[in-house]
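Inspection log for the structure reproduced underneath, given as structure tokens.
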Amino acid sequence: MERFFQASAGMMAAVILWIILSRQGKEYALLLSIGACCLVIVVMLRFLEPVLSLLQRLQDLGGLQQQWLGVLLKAVGIGLITEMGALICNDAGNAAMGKTLQILGSAAVLWLSIPLVNSLLELLEKILGGI
């Protein structure tokens, strides 16, 4: 939890510095915003390490196929990256690009889920074919 509080305090300091910099030059404020977000992502990854271990354990216990866990993790990653990128676009004053990035993230997750949906359809065909 200490890292969480340190990262939160760092973000608050970055916001104050961003306010000061945005009055002088929007470019520097945007660079500060991107840098602060990247640092928080690094801290976030540290928090997610135990979650990944837990998911691996659940996969081993439940006999889940590796590809399904991979799809889940990729979808979460796409969602986090999309959200962070959209927020940076909004900070830069381009909400349209942020929304477009969110749509792109949604399309990427849908594309990523195609093998999962195909497997579900094959299972349904087997079940309905046996009736």
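Things worth noting here:
Per-residue answers, yes or no, for (1) open to solvent by 60 Å² or more (accessible area, probe 1.4 Å); (2) in contact with a helix residue (DSSP H, G or I) (Cβ under 7 Å, 6 or more places away or on another chain):
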site: Lys26; (1), (2): yes, no
site: Leu32; (1), (2): no, yes
site: Gly35; (1), (2): no, no
site: Gly70; (1), (2): no, no
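- Residue satisfying all of: in segment 43-52; open to solvent by less than 90 Å² (accessible area, probe 1.4 Å) and aliphatic (A, V, I, L, M); farthest from Leu110 (Cα to Cα) among these: Val43
- Residue, farthest from the chain's Cα centre (by Cα), within segment 84-115, restricted to residues that are closer than 20 Å to Gly70 by Cα and open to solvent by 80 Å² or more (accessible area, probe 1.4 Å): Ile114
- Where Ile81 falls short, out of the listed (1) under 13 Å from the mean Cα position of the chain (by Cα); (2) open to solvent by less than 100 Å² (accessible area, probe 1.4 Å): (2)
- Within segment 82-131, considering residues that are under 28 Å from Ala14 (Cα atoms) and acidic (Asp, Glu), the one modelled with the highest pLDDT: Glu83
- Qualifying residues in segment 53-68 (those that are more than 20 Å from Ser113 (Cβ to Cβ) and among the hydrophobic types (A, V, I, L, M, F, W, C)) - the one most open to solvent (accessible area, probe 1.4 Å): Leu61
- Single match in Leu45, Leu30 (criterion: in a helix (DSSP H, G or I) and in contact (Cβ under 8 Å) with a residue 60 or more places away in the chain): Leu30
- Cross-chain or 6+ apart pairs with Cβ under 9 Å, segment 2-24 first and open to solvent by 100 Å² or more (accessible area, probe 1.4 Å), then not polar (S, T, N, Q): Arg3/Val43; Arg3/Arg46; Arg3/Phe47; Gln6/Val43; Arg23/Ala29
- Residue-level analysis places Ile20 among those that are farther than 27 Å from Thr100 by Cβ and part of a helix (DSSP H, G or I).
- Test: residue in segment 25-41 that is more than 25 Å from Ser106 (Cα to Cα), modelled with pLDDT of 85 or more and of a type in the set (D, E, K, R): no
The values are calculated or read from the model by the stated rules, or taken from the named source; none is laboratory data. Keep in mind it's a predicted model, so treat the numbers as computed, not measured. Quick reminder, even Gly has a Cβ in these numbers, built from the backbone with ideal geometry, and neighbours come from all protein chains shown. When the accessible area is computed, the model is the full protein with side chains, heavy atoms only, and any ligands, DNA or RNA have been set aside. Shrake-Rupley method; radii C 1.70, N 1.55, O 1.52, S 1.80 Å.
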